[in-house]
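Some notes on the structure that comes next.
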Amino acid sequence: LAELHAKTGELEDAIAQYRLAGDLDPSDPTALTRAAALLVAEQRFSVAAGYLERVLATHPNDGEALVLYGDVMARRGDKFTARKSYRRALASGRSVVLDASFAHQAQRLTVIEIGQASGADIHFIEAVCPEEVALERLAHRWRHRVATAAEPAASGAQAYDGRPELYAAQAAAWEPYD
(Lines give C-alpha, C1' and ligand atoms only; values in the text may rest on other atoms or scores of the structure.)
Protein backbone atom coordinates (compact mmCIF):
# COMPACT_ATOMS: atom_id res chain seq x y z
CA LEU A 1 0.00 0.00 0.00
CA ALA A 2 2.87 2.37 0.82
CA GLU A 3 4.37 1.81 -2.63
CA LEU A 4 1.05 2.65 -4.27
CA HIS A 5 0.73 5.86 -2.26
CA ALA A 6 4.30 6.82 -3.16
CA LYS A 7 3.75 6.16 -6.88
CA THR A 8 0.61 8.28 -6.91
CA GLY A 9 2.29 11.17 -5.11
CA GLU A 10 0.45 10.68 -1.83
CA LEU A 11 3.68 10.96 0.15
CA GLU A 12 2.21 11.55 3.61
CA ASP A 13 0.08 8.42 3.27
CA ALA A 14 3.08 6.48 1.94
CA ILE A 15 5.23 7.57 4.88
CA ALA A 16 2.49 6.61 7.34
CA GLN A 17 2.13 3.16 5.75
CA TYR A 18 5.89 2.61 5.74
CA ARG A 19 6.04 3.63 9.41
CA LEU A 20 3.23 1.18 10.22
CA ALA A 21 5.04 -1.61 8.34
CA GLY A 22 8.24 -0.79 10.22
CA ASP A 23 6.38 -0.96 13.53
CA LEU A 24 4.82 -4.31 12.60
CA ASP A 25 8.14 -5.88 11.56
CA PRO A 26 11.10 -4.16 13.20
CA SER A 27 13.40 -6.94 11.94
CA ASP A 28 13.04 -5.62 8.36
CA PRO A 29 14.66 -2.20 7.80
CA THR A 30 13.17 -1.74 4.32
CA ALA A 31 9.97 0.12 5.25
CA LEU A 32 11.60 2.71 7.51
CA THR A 33 14.44 3.25 5.05
CA ARG A 34 11.94 3.89 2.24
CA ALA A 35 10.00 6.28 4.48
CA ALA A 36 13.25 8.11 5.20
CA ALA A 37 14.00 8.37 1.47
CA LEU A 38 10.60 10.02 0.91
CA LEU A 39 11.24 12.38 3.80
CA VAL A 40 14.60 13.34 2.28
CA ALA A 41 12.88 14.08 -1.02
CA GLU A 42 10.54 16.37 0.94
CA GLN A 43 13.58 18.00 2.64
CA ARG A 44 12.37 16.84 6.06
CA PHE A 45 15.84 15.92 7.19
CA SER A 46 15.27 15.86 10.96
CA VAL A 47 12.41 13.37 10.69
CA ALA A 48 14.34 11.28 8.14
CA ALA A 49 17.31 11.18 10.52
CA GLY A 50 15.06 9.79 13.26
CA TYR A 51 13.79 6.99 11.04
CA LEU A 52 17.31 6.11 9.93
CA GLU A 53 18.67 6.17 13.48
CA ARG A 54 15.93 3.72 14.39
CA VAL A 55 16.97 1.45 11.49
CA LEU A 56 20.67 1.70 12.32
CA ALA A 57 20.04 0.93 16.00
CA THR A 58 18.92 -2.58 15.02
CA HIS A 59 20.77 -2.91 11.69
CA PRO A 60 24.07 -1.04 12.17
CA ASN A 61 25.59 -2.34 8.93
CA ASP A 62 22.64 -1.74 6.59
CA GLY A 63 24.39 -0.19 3.60
CA GLU A 64 21.34 1.54 2.15
CA ALA A 65 20.43 3.15 5.48
CA LEU A 66 24.05 4.19 6.05
CA VAL A 67 24.28 5.92 2.67
CA LEU A 68 20.96 7.70 3.17
CA TYR A 69 21.95 8.71 6.71
CA GLY A 70 25.19 10.13 5.34
CA ASP A 71 23.18 12.11 2.79
CA VAL A 72 20.89 13.44 5.54
CA MET A 73 23.78 14.44 7.75
CA ALA A 74 25.54 16.15 4.85
CA ARG A 75 22.38 18.11 4.02
CA ARG A 76 22.10 19.11 7.69
CA GLY A 77 25.71 20.35 7.63
CA ASP A 78 27.16 17.58 9.82
CA LYS A 79 29.99 16.56 7.53
CA PHE A 80 31.80 14.57 10.22
CA THR A 81 28.83 12.25 10.81
CA ALA A 82 28.14 12.07 7.07
CA ARG A 83 31.73 10.99 6.38
CA LYS A 84 31.56 8.41 9.18
CA SER A 85 28.32 7.00 7.78
CA TYR A 86 29.70 6.81 4.24
CA ARG A 87 32.80 5.01 5.53
CA ARG A 88 30.62 2.46 7.30
CA ALA A 89 28.55 2.02 4.14
CA LEU A 90 31.67 1.38 2.09
CA ALA A 91 32.91 -1.10 4.70
CA SER A 92 29.58 -2.93 4.38
CA GLY A 93 30.22 -3.32 0.65
CA ARG A 94 27.64 -0.74 -0.39
CA SER A 95 28.22 1.64 -3.29
CA VAL A 96 28.20 5.30 -2.34
CA VAL A 97 27.37 8.20 -4.66
CA LEU A 98 28.52 11.57 -3.40
CA ASP A 99 26.79 14.44 -5.17
CA ALA A 100 29.11 17.37 -4.58
CA SER A 101 31.26 19.80 -6.48
CA PHE A 102 34.60 18.71 -5.01
CA ALA A 103 35.90 22.05 -6.22
CA HIS A 104 39.31 21.61 -4.62
CA GLN A 105 41.88 18.92 -5.31
CA ALA A 106 42.30 18.36 -1.55
CA GLN A 107 38.62 17.39 -1.28
CA ARG A 108 39.00 14.90 -4.10
CA LEU A 109 42.11 13.41 -2.51
CA THR A 110 40.24 12.93 0.77
CA VAL A 111 37.52 11.00 -1.04
CA ILE A 112 40.14 8.90 -2.80
CA GLU A 113 41.89 8.11 0.51
CA ILE A 114 38.63 7.09 2.19
CA GLY A 115 37.68 4.92 -0.76
CA GLN A 116 41.06 3.24 -0.98
CA ALA A 117 41.06 2.55 2.75
CA SER A 118 37.70 0.81 2.27
CA GLY A 119 38.84 -1.08 -0.83
CA ALA A 120 36.42 0.86 -3.04
CA ASP A 121 36.87 2.01 -6.61
CA ILE A 122 36.54 5.77 -6.91
CA HIS A 123 35.19 7.50 -10.00
CA PHE A 124 34.63 11.22 -10.49
CA ILE A 125 32.27 12.56 -13.11
CA GLU A 126 32.76 16.18 -14.05
CA ALA A 127 29.68 17.74 -15.61
CA VAL A 128 30.30 21.01 -17.45
CA CYS A 129 27.78 23.46 -18.90
CA PRO A 130 27.75 27.11 -20.00
CA GLU A 131 27.63 29.69 -17.19
CA GLU A 132 24.16 30.93 -18.16
CA VAL A 133 22.78 27.38 -17.97
CA ALA A 134 24.39 26.84 -14.57
CA LEU A 135 22.97 30.10 -13.24
CA GLU A 136 19.51 29.28 -14.57
CA ARG A 137 19.57 25.83 -12.96
CA LEU A 138 20.84 27.18 -9.65
CA ALA A 139 18.15 29.87 -9.59
CA HIS A 140 15.44 27.31 -10.37
CA ARG A 141 16.73 24.90 -7.71
CA TRP A 142 17.03 27.69 -5.14
CA ARG A 143 13.46 28.91 -5.80
CA HIS A 144 12.19 25.35 -5.45
CA ARG A 145 14.17 24.81 -2.25
CA VAL A 146 12.81 27.99 -0.66
CA ALA A 147 9.24 27.28 -1.80
CA THR A 148 9.20 23.69 -0.49
CA ALA A 149 11.41 23.97 2.60
CA ALA A 150 9.87 21.89 5.35
CA GLU A 151 12.54 22.90 7.86
CA PRO A 152 13.63 26.37 8.92
CA ALA A 153 16.07 28.18 6.64
CA ALA A 154 19.57 26.91 7.23
CA SER A 155 22.34 29.10 8.52
CA GLY A 156 25.96 28.71 9.56
CA ALA A 157 27.21 25.17 8.97
CA GLN A 158 23.88 24.19 7.45
CA ALA A 159 23.87 26.95 4.83
CA TYR A 160 23.12 25.76 1.34
CA ASP A 161 25.89 26.85 -1.01
CA GLY A 162 24.09 26.17 -4.31
CA ARG A 163 22.85 29.73 -4.66
CA PRO A 164 23.21 31.78 -7.87
CA GLU A 165 24.87 34.69 -6.08
CA LEU A 166 27.75 32.43 -5.01
CA TYR A 167 28.44 31.03 -8.48
CA ALA A 168 31.13 33.53 -9.56
CA ALA A 169 33.19 33.03 -6.39
CA GLN A 170 32.87 29.25 -6.61
CA ALA A 171 33.81 29.22 -10.30
CA ALA A 172 36.87 31.39 -9.59
CA ALA A 173 38.03 29.02 -6.83
CA TRP A 174 37.51 25.88 -8.96
CA GLU A 175 40.58 23.65 -9.26
CA PRO A 176 40.60 21.58 -12.46
CA TYR A 177 40.62 17.80 -12.36
CA ASP A 178 43.96 16.18 -13.10
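The values are calculated or read from the model by the stated rules, or taken from the named source; none is laboratory data. This is a predicted model, so every value here is computed, not measured. Here the Cβ is made from the backbone with ideal geometry for all residues, glycine too, and neighbour counts use every protein chain on show. SASA here: full protein model, heavy atoms, side chains in, ligands and nucleic acids out. Shrake-Rupley method; radii C 1.70, N 1.55, O 1.52, S 1.80 Å.
Brief remarks on what is shown
- For F102, the conditions (1) outside any helix (DSSP H, G or I); (2) under 12 Å from the mean Cα position of the chain (by Cα) all hold with the exception of (2).
- Given (1) modelled with pLDDT of 95 or more; (2) within 11 Å of the chain's Cα centre (by Cα), number of the condition V55 does not satisfy: (2)
- Qualifying residue in region 19-27 (condition: open to solvent by less than 60 Å² (accessible area, probe 1.4 Å), more than 29 Å from V111 (Cβ to Cβ), at pLDDT 90 or above and not aliphatic (A, V, I, L, M)): yes
- Residue within region 83-106 that is closer than 30 Å to V128 by Cα, of a type in the set (S, T, Y) and open to solvent by 80 Å² or more (accessible area, probe 1.4 Å) present: yes
- Restricting attention to region 106-139, the residues being over 17 Å from A173 (Cα atoms) and either touching a strand residue (DSSP E or B) at 6+ places or on another chain (Cβ under 7 Å) or part of a helix (DSSP H, G or I) (or both) number 14.
- Close contacts from region 33-55, counting a first residue that is at positive phi and a second that is polar (S, T, N, Q), with Cβ to Cβ under 9 Å and a gap of 6+ residues or different chains, come to Q43/T148.
- In region 113-124, residue nearest to F80 (Cα to Cα) [restricted to those that are surrounded by 13 or more Cβ atoms within 10 Å (Cβ to Cβ) and not small (G, A, S)]: I114
- Those residues of region 138-178 which are at pLDDT 70 or above and aromatic (F, W, Y), in sequence order: W142, Y167, W174, Y177
- Residue under evaluation D13, criteria (1) within 17 Å of the chain's Cα centre (by Cα); (2) surrounded by 14 or more Cβ atoms within 10 Å (Cβ to Cβ); (3) not β-branched (V, I, T), criterion not met: (1)
- Of residues in region 70-82 being crowded, with 17+ Cβ neighbours inside 10 Å and among the basic types (K, R), the one farthest from D121 (Cα to Cα): R76
Here's the yes/no breakdown for (1) open to solvent by 10 Å² or more (accessible area, probe 1.4 Å); (2) within 21 Å of E10 (Cβ to Cβ); (3) not in a helix (DSSP H, G or I):
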{"site": "A36", "(1), (2), (3)": "no, yes, no"}
{"site": "V47", "(1), (2), (3)": "yes, yes, no"}
{"site": "L56", "(1), (2), (3)": "yes, no, no"}
{"site": "N61", "(1), (2), (3)": "yes, no, yes"}
